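Below is one structure, written out as structure tokens; the observations come after it.
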Amino acid sequence: MPDTKTTPKSTLYVIDDHPLMREAVVMLLRRLRPGSNVVELDRIGSFEAAVRQHGNPDLICLDLKLPDTTGSSGVHELKKRFPETPLAVLSASPAADAEESCIEAGADIYIEKSSGAQEIGNALRALLSADGGFEELSPSDNKLSKRQKQLIVMLDRGMSNREIADELGISEHTVKVHLWRLFRRLGVKSRTQTIHYARTHGMLVS
């Protein structure tokens, strides 16, 4: 008898009104997640109809400047609809101009389009990856991995994302993804909450 068990396809959404950039991101995602259904849109207004047709998103890649929205309002709209879905902002604007407002609106990572294909790919791979490069343990093991504990210590030392990236030999974008994964694992939303959680659960020595 044929095997009726199949692995569900990932549905990844790329929302960008620049055709060349959108196609480049689509190609990256198809390499990172072969067999996935990558849905291309040029505006947020088309998102609801696309979800009805293709299914709920497993990842959203969003440009900030679209015909029907500009800035972090699009992030807020999409995260309100799908709060648990990873959302990556890919923008031509420098991080210094828009990253903070996008993260506050719910984005999981902010990637400058000028970063180049390799760094963009690395950041999206970390966001999609089951282990995020942090040697995640199985769900049955409630302990953090050695690397996750290391990250908590770095946060407690007050290290910036850039300092953590330099010490671990990874990109700053990837550090942001690792922080996002750690926050989700602990059920917290910020560095301060992470440190408080770690202290109250005996993960840090006072």
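Here are some notes:
- Options SER160, SER129, SER171, SER190: the member that is under 26 Å from GLU104 (Cα atoms), among the small types (Gly, Ala, Ser) and modelled with pLDDT of 90 or more: SER160
- Hey, LYS146 more than 19 Å from the chain's Cα centre (by Cα) and either crowded, with 19+ Cβ neighbours inside 10 Å or at pLDDT below 80 (or both) or not: yes
- Qualifying residue in segment 56-76 (condition: modelled with pLDDT under 85 and either out of contact with any helix residue (DSSP H, G or I) (no Cβ under 6 Å at 6 or more places or on another chain) or surrounded by fewer than 16 Cβ atoms within 10 Å (Cβ to Cβ) (or both)): yes
- Looking only at segment 184-206, and only at residues there that are of a type in the set (Val, Ile, Thr) and surrounded by 10 or more Cβ atoms within 10 Å (Cβ to Cβ), the one that is farthest from LEU155 (Cα to Cα): VAL188
- Single residue of segment 149-183 satisfying the filter (among the basic types (Lys, Arg) and in contact (Cβ under 8 Å) with a residue 24 or more places away in the chain) that is surrounded by the fewest Cβ atoms within 10 Å (Cβ to Cβ): LYS149
- Across segment 37-73, the number of residues qualifying as at negative phi, over 17 Å from the mean Cα position of the chain (by Cα) and part of a loop (DSSP other than H, G, I, E, B) comes to 4.
- The condition (being in contact with a Phe, Trp or Tyr (Cβ under 6 Å, 6 or more places away or on another chain) and within 22 Å of GLY121 (Cα to Cα)) is satisfied by just one residue among VAL89, VAL14: VAL89.
- The residue list GLY35, GLY55, GLY71 contains one member that is within 18 Å of ALA105 (Cβ to Cβ) and touching a residue at least 12 places away in the same chain (Cβ under 8 Å), which is GLY71.
- Taking (1) within 17 Å of the chain's Cα centre (by Cα); (2) under 19 Å from LEU12 (Cβ atoms); (3) not in a strand (DSSP E or B) in turn, LYS80 satisfies each apart from (2).
- Of all the listed residues (ARG52, ARG31), the sole one being loosely packed, with under 15 Cβ neighbours inside 10 Å, of a type outside the set (Phe, Trp, Tyr) and either closer than 16 Å to GLY121 by Cα or touching a Leu at 6+ places or on another chain (Cβ under 9 Å) (or both) is ARG31.
The values are calculated or read from the model by the stated rules, or taken from the named source; none is laboratory data. Predicted model only: the values in this text are computed from it and were never measured. FYI the Cβ positions are ideal-geometry reconstructions off the backbone, even for glycines, and counts take in every protein chain you see.
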